[in-house]
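The values are calculated or read from the model by the stated rules, or taken from the named source; none is laboratory data. All values reported here derive from a predicted model rather than from experimental measurement. Positions of Cβ are backbone-derived with ideal geometry, glycine not excepted, and every protein chain shown enters the neighbour counts. Please note that ligands, DNA and RNA were not included when accessible areas were found on the heavy atoms of the full protein model with its side chains. Shrake-Rupley method; radii C 1.70, N 1.55, O 1.52, S 1.80 Å.
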Amino acid sequence: MSARPDRTPLPRSFFDRPVLTVAPDLLGRTLVRRTTDGPLELRITEVEAYEGETDPGSHAYRGRTACNASMFGPPGHAYVYFIYGMWFSLNLVCGPPGRASGVLLRAGEVTVGADLATKRRVSARSPRELAKGPARLATALDVDRSLDGTDLCAGPDSPLSLLTGTPTAADLMSSGPRTGVGGAGAAHPYRFWITNDPTVSPYRAHAPRRRST
């Protein structure tokens with residue numbers, strides 16, 4: 001029988017490290033989302049790292065704006081953005097304040113509150129699809145821009161927190177290019193996932209948008 005996941009909250013010092021150190025260390029951790037309908041928990045299985053103003057794939061590459069301000073710290077906070085006018089995505093801010101680095105949560109396994117997640121993800125064909133992809137993850141966990149800037153280290157009253165969970169050994173994880181990122185950041189192996197986990201989303205290369213004529 002496998003050991004139960006560790007329920008110890010992760011301290012701010014966990015996030016106050018380089019993004020490429022934090023990102024793989026998130027695999028197997030437990031994300032807690034507290035809602036008015038009840039709690040949900042997610043075992044993180046896939047992430048992507050973004051290095052901020054030095055990373056062409058990052059929202060902070062062109063500097064600070066009202067929308068990406070949470071990326072600039074302090075570490076241990078949430079950065080939530082709205083994409084394609086339809087979906088939200090959840091990122092965890094890391095590194096020193098002002099560095100604007102963060103980790104996108106791409107996929108996970110809903111381990112608590114699957115009934116609540118299913119009500120929000122009615123198109124999911126199985127439990128493994130509830131949070132298989134960043135938009136699906138945010139939808140399943142009821143994440144929107146109201147959670148932008150949330151302190152994950154604020155204690156049990158916070159709507160979001162991160163527990164130690166069951167960290168993934170290095171030989172059980174894989175890495176590769178980020179999904180859908182083009183240009184200078186396309187080849188960076190900044191995507192990390194638990195090898196062969198069924199909740200991990202499929203890789204998709206960047207597809208440039210065609211201009212209408």
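A few points about this structure:
- If you go through segment 160-205 and keep only what is touching a Lys or Arg at 6+ places or on another chain (Cβ under 6 Å) and among the hydroxyl-bearing types (Ser, Thr, Tyr), you end up with Thr179, Tyr190, Thr199, Ser201.
- Residue within segment 104-116 that is under 18 Å from Cys153 (Cα atoms) and either touching a Gly at 6+ places or on another chain (Cβ under 7 Å) or outside any helix (DSSP H, G or I) (or both) present: yes
- Those strands (runs of 3 or more DSSP E) of segment 6-83 in which 2 or more residues are of a type outside the set (Phe, Trp, Tyr) and open to solvent by less than 20 Å² (accessible area, probe 1.4 Å) occupy 30-35, 38-50, 78-83.
- Enumeration of residues in segment 158-171 that are open to solvent by 40 Å² or more (accessible area, probe 1.4 Å), touching a residue at least 24 places away in the same chain (Cβ under 8 Å) and either outside any helix (DSSP H, G or I) or closer than 18 Å to Arg34 by Cα (or both): Pro159, Thr166, Pro167
- Failed item, numbered, when Tyr190 is tested on (1) under 21 Å from Thr8 (Cα atoms); (2) open to solvent by less than 70 Å² (accessible area, probe 1.4 Å): (1)
- So Leu90, is it touching a Leu at 6+ places or on another chain (Cβ under 7 Å), at pLDDT 90 or above and either not in a loop (DSSP other than H, G, I, E, B) or not polar (S, T, N, Q) (or both): yes
- Hits in segment 84-108 - residues which are open to solvent by less than 70 Å² (accessible area, probe 1.4 Å), within 24 Å of Ile194 (Cβ to Cβ) and not aliphatic (A, V, I, L, M): Phe88, Ser89, Asn91, Cys94, Gly95, Ser101, Gly102, Arg106, Gly108
- Within segment 111-131, being within 16 Å of Arg33 (Cα to Cα) and in contact with a Pro (Cβ under 7 Å, 6 or more places away or on another chain) holds for Val112, Gly113, Ala114.
- In this entry, Ala3 is excluded by the filter for residues that are open to solvent by less than 40 Å² (accessible area, probe 1.4 Å) and aliphatic (A, V, I, L, M).
- Candidates in segment 87-127 are the residues that are touching a residue at least 24 places away in the same chain (Cβ under 8 Å) and charged (D, E, K, R); of these, the one that is farthest from Gly149 (Cα to Cα) is Glu109.
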